[in-house]
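Structure record follows, encoded as structure tokens.
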Amino acid sequence: MTSQVIEVEVELTRSHKGGMEWRLCSEPGEGGKGETQDCFNRHVLRLADGGGNNNGGTKLPVNLTGMYKTKLKLPDGVTCSHCVLQWNYRAGT
């Protein structure tokens, strides 16, 4: 099975440069804990176009305010009836 691609859209009203990254928790109810950071860390999503910075194509660079649309590859072989997506925005200098 090949990876599926999803499109995400984020509106930034303030830009602090840096980059955006997305993670997927495929088992959010695991052990009754709900979503845990360990669960999200298992699946750092890659940019579908392979772009981004030097972090293996996982971070979308941010320079300006406005709308950011990008496509992300879902991990091969991961299925779930209820997945949770985490968005991280790390400011830069």
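Each value in this text was obtained by applying a stated rule to the coordinates, not by laboratory testing. Please read all numbers here as calculations on a predicted model, not as lab measurements. Methodologically, a virtual Cβ is constructed for each residue, glycine included, from the backbone with ideal geometry; neighbour enumeration extends over all protein chains shown.
Worth a mention:
- With Cα atoms as the point set, the radius of gyration and Dmax of the range 5-90 evaluate to 13.5, 40 Å.
- Going by neighbour counts of Cβ atoms within 10 Å, the residues 46, 90, 14, 23 line up, fewest first, as 14, 90, 23, 46.
- Once both labels are positioned 7 Å from their Cα atoms along Cα-to-Cβ, the gap between residue 15 and residue 63 label points is 0.7 nm.
- Theoretical ellipticity at 222 nm over the chain - DSSP helices of four or more residues, -39500 (n - 2.57) apiece, nearest 500: -1000 deg cm²/dmol
- Dimensionless Rg over Rh [the range 1-44; C-alpha; Kirkwood]: 1.08
- Ordering 20, 67 by the number of other Cβ atoms within 10 Å of each residue's own Cβ, fewest first, gives 67, 20.
- Net charge of neighbours whose Cβ lies under 14 Å from the Cβ of residue 50, counting Lys and Arg as +1 and Asp and Glu as -1: +3
- Taken one residue at a time, the phi angles of the range 56-66 give Karplus couplings (6.51, -1.76, 1.60, θ = phi - 60°) of x, x, 9, 10, 8, x, 10, 10, 10, 7, x Hz. Gly and Pro are set to x.
- Partners for residue 73 among lysines (Cα-Cα distance below 21 Å; same-chain residues under 8 apart left out): 59
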